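Only one structure is covered here, and it is reproduced in the block below.
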Amino acid sequence: MRKLFISEIKEIIAQSRKQAVRSVDFQRVLMYWHIGKSIFEEEQHGKERADYGDYLIKNMAKELEPEYGSGFSVRILEISRQFYRTYPIANALRSQLNWGQYRLLLRIRNQDKREYYLLEAVNNSWTARELERQINSSLYERLLLSNDKEAVLSVARKEKIPEEPQEIIKDPMVLEFLGLERKAKYYERDLETAIINHLQTFLLELGNGFSFVARQKRILLEDDEFFVDMVFYNRLLQCFVVIEIKTQKLTHQDLGQLQMYVNYYDRTEKLPKENPTIGILLCADKNNTAVKFALPEDNKTILTSQYQLYLPTEKQLINEVKKDMERYRIDRELDKEE
């Protein structure tokens, strides 16, 4: 009883300290917001002079930086002004985010994209480092490859609960955090081991609601043994998620193997209240047209995702979005002709 009591007291102390740090962080956010507001309003008074804003900020920095440090440099004061202009309503600021996170958000020009990252940072309690990693890995653009903008934002705003795996699963998946060199070939076990060693970051890459269940899950079918690479559970989709790793180009045999594992989980592990199991084939390369014809037209449970061991550029992903939209347009036209 005494140990339990002491543990409870320690938890109270830890939570109080966390809240105190968060409160201090948010006061810093408010401080820069009010500084930005003051700069903006003072600029308006001298708006007849085009260079008045720059003049004002440089003189402020000369006065403030020697006394208060580098947090009041010309660059930081310019960011404060931008901060106020981007978020002109103080009550709309999120107390869960610190100044470093807001600075990352201010780099994003697109309003919808900026809102998405802000909401996801709050919803998932991302640190500044995690937020930066998601921005750099172009998470928003990757989700747009299989979703429309409104669907992506609706999930982030919690206006809807994800119902389809495509609303969560990303293609491609970016695994740069594994720190693997760009080799022509990796053994599947090497890649799997690297993922397990970086499981927390891999869960972040997978998306919302995932929890780890098993690695190399043994399945015995009569006298034959099979081993599923990784098994997860997603509480939002309320289903098991089976992941198979292939370090070469995807084949139809790979899809058949994954389908067998999905069927096994549906028939032996899934509870009646749970949704059908999802299978993800994580591969080094794939032919999307071959995948389309290898799977049933109404397929909703077998997904393929190409992994990358490096961060893609935003331009690369935007080009992929455009290509995907063109493929969708062509498919729709072919369906009409049929």
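Since every read-out is calculated from the coordinates, none of them should be taken as a lab result. Just so we're clear, the structure is a prediction, and the values are computed from it rather than from any experiment. Ideal geometry is used to build each Cβ from the backbone, glycine not excepted, and the neighbour counts take in all protein chains shown.
Along the Cα→Cβ direction, 7 angstrom out, place labels at N91 and E67. What is the inter-label distance in nm?
3.3 nm
Treat every Asp and Glu Cβ in segment 173-311 as -1 and every Lys and Arg Cβ as +1, leave all other atoms uncharged, and give the resulting dipole magnitude about the Cα centre to the nearest 20 debye.
300 debye
Treating only the Cβ atoms of Lys and Arg (+1) and Asp and Glu (-1) as charged, compute the dipole magnitude of the chain about its Cα centre; round to the nearest 20 debye.
In total the dipole reaches around 1220 debye.
Which Cα, out of A14, I245, Q308, lies furthest along the positive dipole direction of the chain (beta carbon charges, K/R +1, D/E -1)?
The listed residue farthest towards the positive side: A14.
Using a cut-off of under 17 Å, list every residue of segment 259-301 whose amide N is near the label point 7 Å from the Cα of E222 along the Cα-to-beta-carbon line.
Zone members listed by number: 260-261, 264.
Counting pairs of alpha carbon atoms under 8 Å apart in space and at least six apart in sequence, what relative contact order in percent does the chain give?
13 percent
From the list (1) 45, 27, 18; (2) 32, 27, 16; (3) 36, 22, 19, can you say which value of semi-axes √(5λ) of the Cα gyration tensor in Å was derived from the structure given?
Looking at semi-axes √(5λ) of the Cα gyration tensor in Å for this model, the match is (1).
Summing +1 for each Lys or Arg and -1 for each Asp or Glu, what net charge is found among the other residues whose Cβ lies under 14 Å from the Cβ of N98?
Neighbourhood net charge equals +3.
Towards the positive end of the charge dipole of the chain, with charges on Cβ (+1 Lys, Arg; -1 Asp, Glu), say which of F72, G207, P296 has the farthest Cα.
F72
Classify segment 35-109 as rounded, prolate or oblate from the Cα gyration tensor: take a ≥ b ≥ c as the square roots of its eigenvalues, call it rounded if a/c is under 1.5, otherwise prolate when a/b beats b/c and oblate if not.
Oblate.
Say the cut-off is 30 Å between C-alpha atoms; which of K158/K300; K160/K292; K217/K286; K113/K270; K18/K170 go over it?
Pairs exceeding the cut-off: K113/K270; K18/K170.
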